[in-house]
Structure formats: structure tokens, C-alpha cells
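Asker: Below: one structure in C-alpha cells.
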Amino acid sequence: MRVDLFVIDGQNDFCAAGTEPDDFPWPMGGKRQGSLYVQDADKEAVLVADMLDRLADPAVQGGHKINKIHATLDSHHKKDGAHHTVWKNGQTGQVADPFTIVSHQDVLDQKFVPTFALGVFDGQVMTALDWAKKYTKALEENGRNPLCLWPPHCEIGKWGSQVYQPLADAYDRWCDSTNSWIDFITKGAWAWSEHYSAMKADVPDPSRSETQMNAGVVNDAMSADIIVWAGWAGSHCTRWTAKDAVENFDPRDDKGNVVPDPDNAFVKKSVFLEDACAPVVSPDPAATKMFAEWREEFLNDMSKRGATISNTKKFLS
């Protein structure tokens, strides 16, 4: 039996609470909370690490009950189109607040205005404002999350993008047990589209292959007997990665509508660890409530479609 584990974005900027031991590999300057810390992700990451250690088994071929680990790595430029630092409030002229939700109408009304030099949409270079108009409209048409202006996070090559240490150590022990390696999957480096999903960008650009559906990862995981999911945040990156993977195998009619398929093997193979997929917490209580609802709706939807909801202690116990 082949068991694949997806760990979505187990990185410092999401998982580091800033309360870890002093000997934790802190950056210069000392202890730091991740710039987009997901509340309780530090504890949940340890649960995933403990689960990996529990499932080590020399009696099993390969030395472990988990046969393959797919670990996604959010990867952003400093001047990413979804970072609040490259947007301004159209009325005050000040930098937009982090966690601001920007609708298509907000852009048309110039309630919020991008400040970077240019934008790229469908392979065409244009003004940043024209990009913002096209991009936010496409998000709505694609049924994706509205644009959220995040604190700069997971900047390429910086501390926040590194794998959270308890997970990194558990990965090393898994590699030693299996004599294998982690399937690291980078996402998000194309600055002109959000890339919550490790499978495809929210608005794929036909001129950029890294924004297209990552069919290789999905088809590889389809060969597993069990596909188990954990990661952060459950409201965003874990949710969209799993949804895109599952829906890649959903048959559709000529109008693009999903046709119910009782034999959809991918979703029925999937196991979601509900104690390892906390949602984003925003300074705005209404947004926090919305993010928590997104996570809950996602898990409920996967369950209704045939997936199993479990936790790190019960899985393969």
C-alpha cells in the first residue's frame, strides 16, 4: 500500500510563533514570529512531525508507513502583487493595511491602488492599475478568493521561507528511514497572481508554465492508495491545493459543470487531518470568521464527496 503525505507551506512565516526555545535557528536579531503566523500552526506542525515519527516502521518496506512526502514551499518576491506594501489607500495615499480585502469594484473606484511600476496579464505588459482591474475581475469569474493584501511573507531566500524546524527535523528522520527524499514543490514566485494552490495559480498566465496546472504532481499522487493532507492555512493554501487536485479528476459536461462521479478515486483516497490545518486569523474579526468558515466548508465539502476526516493521532494508528 502506498501512502502519500502533502504538507502545505510548513514554513517559518506561517508556523513560527516566536515562543520556541532559544536554540531554535532564529535569524539575526533573535526570536521572531512569522510575518503571516497562523495561530496554533506551531503546535500543529509538531503534531505532524510526531505523526511522522510514530509511523516509522522498520518492518515495512522502505522503513516507513508514509511512502512519499510532497512539501509545498510558498515563495514570493518582496514586491509581490498581493503584498500590502505595494498598494495604497486611494483616499489617504497611505500604504494599504495588511489583510485588506480588495474587490474588483474597489479597484474600479480606486479605493485601493497598486503602486508598482507595471503589471502583466495574459502575457501582456500594462499599467499596474489595468492589471489590477483585469486580475480582480478574473478572480471573481474564476470563483477564487478575493484579493487579500498580505504582509510580505515567504520572501525567496529569507528566513521566513525556510521549513519550520520541527518539520525539517522530522523530514530528515523520514529521509533516513526511507533512504529517499522530499518532493519539494515551490509556488508563488510569479508576482502577478496569487498562488494559494500548489497545483495552479489563481489566475494562470498562458505565457508562464509555472502558473499552469501541475499535472505531474497530481498524476503522481493519483498512484497512491491513500493521500493525506495537512498544512497552513486550512482556509487558503491547503484548501485550494486539495480542491484543485480533487477537481482535476472531476468529469465535467460541455458547459463546464461538474458531473457527479461515484468512482472519483482521488477524493475518496484523500484523508484530511483536521488538527493540522488551522485557518488564517486576521486583525479584522469579520475576516477571521470568514476564513474559519472557508476552512469548515472545505472540510465538509471534501467529506461529502467521499474523503475521510481524521487527525494526526488517529491516522494509521
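Asker: Working only within the range 181-208, note down all residues that are surrounded by fewer than 21 Cβ atoms within 10 Å (Cβ to Cβ), among the polar types (S, T, N, Q) and modelled with pLDDT of 95 or more.
Answerer: Selection gives 186 alone.
Asker: For the list (1) touching a strand residue (DSSP E or B) at 6+ places or on another chain (Cβ under 6 Å); (2) outside the structural domain of residue 51 (by TED's automatic domain parsing); (3) surrounded by fewer than 19 Cβ atoms within 10 Å (Cβ to Cβ), I need the number of the one condition that residue 154 fails.
Answerer: It is condition (3) that residue 154 fails.
Residue by residue, here is whether (1) surrounded by 14 or more Cβ atoms within 10 Å (Cβ to Cβ); (2) touching a residue at least 24 places away in the same chain (Cβ under 8 Å); (3) in the same structural domain as residue 298 (by TED's automatic domain parsing) holds:
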{"site": "44", "(1), (2), (3)": "yes, yes, yes"}
{"site": "48", "(1), (2), (3)": "yes, yes, yes"}
{"site": "62", "(1), (2), (3)": "yes, yes, yes"}
{"site": "70", "(1), (2), (3)": "yes, yes, yes"}
{"site": "111", "(1), (2), (3)": "yes, no, no"}
{"site": "132", "(1), (2), (3)": "yes, yes, no"}
{"site": "142", "(1), (2), (3)": "no, yes, no"}
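Asker: Show me the strands (runs of 3 or more DSSP E) found entirely inside the range 1-104 where at least 1 residues are over 24 Å from residue 214 (Cβ atoms) and in contact with a His (Cβ under 8 Å, 6 or more places away or on another chain). Quick ask: steps written out before the conclusion?
Answerer: Numbers: elements: 3-8, 68-74, 87-89, 100-102.
Strands (runs of 3 or more DSSP E) meeting the threshold: 100-102.
Asker: Still on this structure, I have one more. Taking interchain pairs and intrachain pairs at least six residues apart, which have beta carbon atoms under 7 angstrom, with the first residue in the range 212-234 and touching a residue at least 12 places away in the same chain (Cβ under 8 Å) and buried (at least 24 other Cβ atoms within 10 Å of the Cβ) and the second of a type in the set (Asp, Glu) and part of a loop (DSSP other than H, G, I, E, B)?
Answerer: 231/9; 232/9
Asker: A further question follows. Identify, by number, the condition in (1) under 23 Å from residue 230 (Cβ atoms); (2) of a type in the set (A, V, I, L, M); (3) assigned to a loop (DSSP other than H, G, I, E, B) that residue 191 doesn't meet.
Answerer: (1)
Asker: Another one. Under 6 Å between Cβ atoms, which residue pairs at least 6 apart in sequence (or on different chains) link something in the range 7-30 that is free of Cβ contacts under 8 Å to residues at least 60 places away in the same chain and under 23 Å from residue 237 (Cβ atoms) with a partner that is of a type in the set (D, E, K, R) and in a loop (DSSP other than H, G, I, E, B)?
Answerer: Listed pairs, sorted by first residue: 18/31; 18/32.
The values are calculated or read from the model by the stated rules, or taken from the named source; none is laboratory data. If you're wondering where the values come from, they're calculated on a predicted model, not measured in any experiment. Backbone-built Cβ (ideal geometry, glycine too); neighbour counts: all protein chains shown.
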